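The values are calculated or read from the model by the stated rules, or taken from the named source; none is laboratory data. Everything numeric in this text was worked out from a predicted model, so none of it was measured. Neighbour counts are summed over all protein chains in view; Cβ atoms, including those assigned to glycine, are modelled from backbone coordinates with ideal geometry.
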Amino acid sequence: MQFSRNWLKDFLDLDLSTEEICSQLTMAGIEVEGYESFNSKITGKDAILKLDITPNRGDCFSVFGVARELAVLNNLKLKDPTFKSIKDTFNEDLTIKVCPEGPRYVGRTIKNIDIKAKTLPLVAERLALSDQKLIDPVVDITNYILLELGQPLHAFDRDKLEGGIQVRNAKDGENLTLLDEQDIKLNSDCLVISDRKKSIALAGIMGGKNTCVTSNTKSIFLESAFFKPSAIRGRARRFGFQTDASIRFERGVDYEIQELAVNKASEILHETVGGEFGSIVESKLTKELPKAKKVLLDLDRANKILGTNITSTKAKKYLNGLGMSPKGPSKKVNLTSPSWRYDIEIEADLIEELARLEGYDSLPTVSLEPKFNKRLETKQNTISRSLVSQGFSEIISYSFISEQDEKVFGESKKMVEVENPISQNMRYMRSSLFPGLINTFIHNLNNGLESQKLFEIGSVFGYEKSSKPSEKLRVSGLIHGDASPNHWLDKSRKVTFYDVKGAVESTLLNFGVKTQFEPKSLRFLHPGVSSTIYNGSKKVGFLGALAPNIIGELGIKEDIFLFSIDIDNLKTKPVQKFIKFSKFPSIQRDLAFVVKKDITSHKISALIREKGGRDLNNLDLFDVYEGKGIDDNKKSIAISLTWQSSKGTLVDSDIDKVVEKIVNSVKKELDGDLRT
């Protein structure tokens, strides 16, 4: 939000430089993005203040709200908004009906206006300094009141209204054309303003095209309403836009200033466009209006938390200036939240107010005493540490992805759609971490980084057995390029399927997983270079090369290898205990078996471990060979086996019997022959 500094002088006698105002506001928690000096022909030396207001401070989305803050900070008297009452010349016959989501609605008809009149110079200048486009005197004045008081107003062409005004929920599928000529289809949770025949505005957000003020307008109906924040929040973003009105209604406007806003606007309209003013009409559901919060402040506790020594007199002066009417004993004060503060609910909120008004820069600085806690190792930390040690870099990406990314990489049968997406490219909750990894990889590649090892730990979402979406914690990774950096002693090579397989096995070792890999393909993986990862009979993830058609669409020339592991399916490995190592010598044998190509190394290894006896303590696969001397439908797998006993020295004759048993079992169960 931005506005003219001199506008503040309408509400308080402020004798501070622009720099001092910016400093005070920033130290009070209202961030000032900057300011620009300006010389006004109307008000003299001026400046444009640019504020970045946090969502909880809806009361500061107005010049009057900022003036209120400065009045408290400088112990100045705040001047309430004033207006010259415009006498009504006829009784309003328009009926108004409100609903619980929009419990207060104030309006006034003004006939025979001069829509071609010029906006008053001061109003025009202040709007221009607030980055508001001048449209016509009626719209300009409604924008002026919005900026000054924080109360959105809307003007309808009175002659286009058919019957009374009603605030209601839209019907499912109801259509409305907005002022910007956007056609939208409404849901039943959207609040609308309608007359007897049609919807005429999306309540609290934007008016309808069918009743808008034009250059031919002769009479207007001025609307000033209160809508509950929950009834407006997210509705504008659902349709891909946001307005000044929706920003304020979403955060909460003062529910007691609707009539004041109409009267203030009437005064300026009377001076600008003239006309005949009808009586002010109002409809209100008092029970549905927000209720003031009662909060108890223990001043001793507040001072202890802040490290301050704020006196009772000073605290009450602060809080009274904020409109909270402090009452009670000197150290324990009862307060009532004012109608413009939606963020005051508990004592901590009041302590924050004292800290703000004291100034964050004036709070004492105290060194903290170190306290050492034993850190519990989480599964996420274990995985992250393991992958980082293998040369991976961790990324963090959005949980929202585009429809196209979800269709390509999605793993859920039904997409989880966001009701009010922040953009159309973030319309769905991700069911896979791969879109974020791929997009990061491409960004890095375009910036000259070819060899990459990336991983992300995050939540994925999808529908499974129930009708409600589920959330799972997952780690996924990507490898591309050279397996290791270039070195003068060693030629570089490109990463392969076995590099990503090794990274997965190394990571899963931290959880005591006995990994098994079974060939299986997903639609986005290469059908011949992908596997499912099992821990026993339980699936824990998958890995493989990205499908050639997707690599082609991305314009990548080399393979990209991916892996994904469900963290929820992993169990924390118990703390390892020291086992005394054997002092007796070991015996090693190397065996090479010729087996069919569809026999995996895991099957051979599992069979050898089963038949190798209790003294077999190590098994290493060191060679896989296909080619000359081996039948076309077969391969050779060479394995190194090590036996060692903790009770005595093993002899060759013992090992020979075990080797014979292994060879016979491989022959019988896997139709494999010992290679000679």
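Quick look at the values:
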read-out: Region 36-65: number of residues that are touching a residue at least 60 places away in the same chain (Cβ under 8 Å) and among the aliphatic types (A, V, I, L, M); value: 3
read-out: Of all residues in region 394-419 being polar (S, T, N, Q) and surrounded by 13 or more Cβ atoms within 10 Å (Cβ to Cβ), the one that is nearest to the chain's Cα centre (by Cα); value: 399
read-out: Test set (1) surrounded by fewer than 23 Cβ atoms within 10 Å (Cβ to Cβ); (2) over 27 Å from residue 6 (Cβ atoms) - residue 193 fails condition number; value: (1)
read-out: Filter pass, residue 608 being within 18 Å of residue 516 (Cα to Cα), part of a helix (DSSP H, G or I) and at pLDDT 90 or above; value: yes
read-out: Some residue of region 478-500 being of a type in the set (Ser, Thr, Tyr), assigned to a strand (DSSP E or B) and either in contact with a Gly (Cβ under 6 Å, 6 or more places away or on another chain) or closer than 30 Å to residue 599 by Cα (or both); value: no
read-out: Search result, residues across region 420-434 that are of a type outside the set (Lys, Arg) and either surrounded by fewer than 22 Cβ atoms within 10 Å (Cβ to Cβ) or not in a helix (DSSP H, G or I) (or both); value: 420, 421, 422, 423, 424, 425, 426, 428, 429, 431, 432, 433
read-out: Top-ranked residue of region 648-666 - restricted to ones that are more than 19 Å from residue 621 (Cβ to Cβ) and without any contact (Cβ under 8 Å) to a residue 60 or more places away in the chain, ranked as surrounded by the fewest Cβ atoms within 10 Å (Cβ to Cβ); value: 653
read-out: Strands (runs of 3 or more DSSP E) wholly inside region 503-581 containing at least 3 residues that are assigned by TED's automatic domain parsing to the domain that holds residue 462 and buried (at least 21 other Cβ atoms within 10 Å of the Cβ); value: 525-535, 538-546, 560-566
read-out: Total residues in region 561-589, condition without any contact (Cβ under 8 Å) to a residue 60 or more places away in the chain and within 27 Å of residue 496 (Cβ to Cβ); value: 1
read-out: From 284, 316, residue being among the charged types (D, E, K, R), touching a strand residue (DSSP E or B) at 6+ places or on another chain (Cβ under 9 Å) and over 28 Å from residue 361 (Cα atoms); value: 284
read-out: Residue satisfying all of: in region 173-188; in contact with a helix residue (DSSP H, G or I) (Cβ under 8 Å, 6 or more places away or on another chain) and not polar (S, T, N, Q); nearest to residue 238 (Cα to Cα) among these; value: 178
read-out: The lone exception for residue 101 - which of (1) outside the structural domain of residue 284 (by TED's automatic domain parsing); (2) within 41 Å of the chain's Cα centre (by Cα); (3) more than 26 Å from residue 274 (Cα to Cα) it fails; value: (1)
read-out: Index of the failed condition, residue 13 passing every other in (1) touching a residue at least 40 places away in the same chain (Cβ under 8 Å); (2) surrounded by 16 or more Cβ atoms within 10 Å (Cβ to Cβ); value: (2)
read-out: Of all residues making up region 183-208, the number that are at pLDDT 95 or above and of a type in the set (Lys, Arg); value: 0
read-out: Residue list for region 515-549, restricted to those being basic (Lys, Arg) and in contact with a helix residue (DSSP H, G or I) (Cβ under 9 Å, 6 or more places away or on another chain); value: 523, 538, 539
read-out: Residue list for region 401-431, filter: out of contact with any strand residue (DSSP E or B) (no Cβ under 7 Å at 6 or more places or on another chain) and closer than 19 Å to residue 465 by Cβ; value: 410, 413, 414
read-out: Helices (runs of 4 or more DSSP H) wholly inside region 238-338 that include at least 2 residues being under 34 Å from the mean Cα position of the chain (by Cα) and under 30 Å from residue 137 (Cα atoms); value: 244-251
read-out: Members of region 181-203 found to be without any contact (Cβ under 8 Å) to a residue 60 or more places away in the chain and part of a loop (DSSP other than H, G, I, E, B), listed by number; value: 181, 182, 186, 187, 188, 189, 190, 195, 196, 197, 198
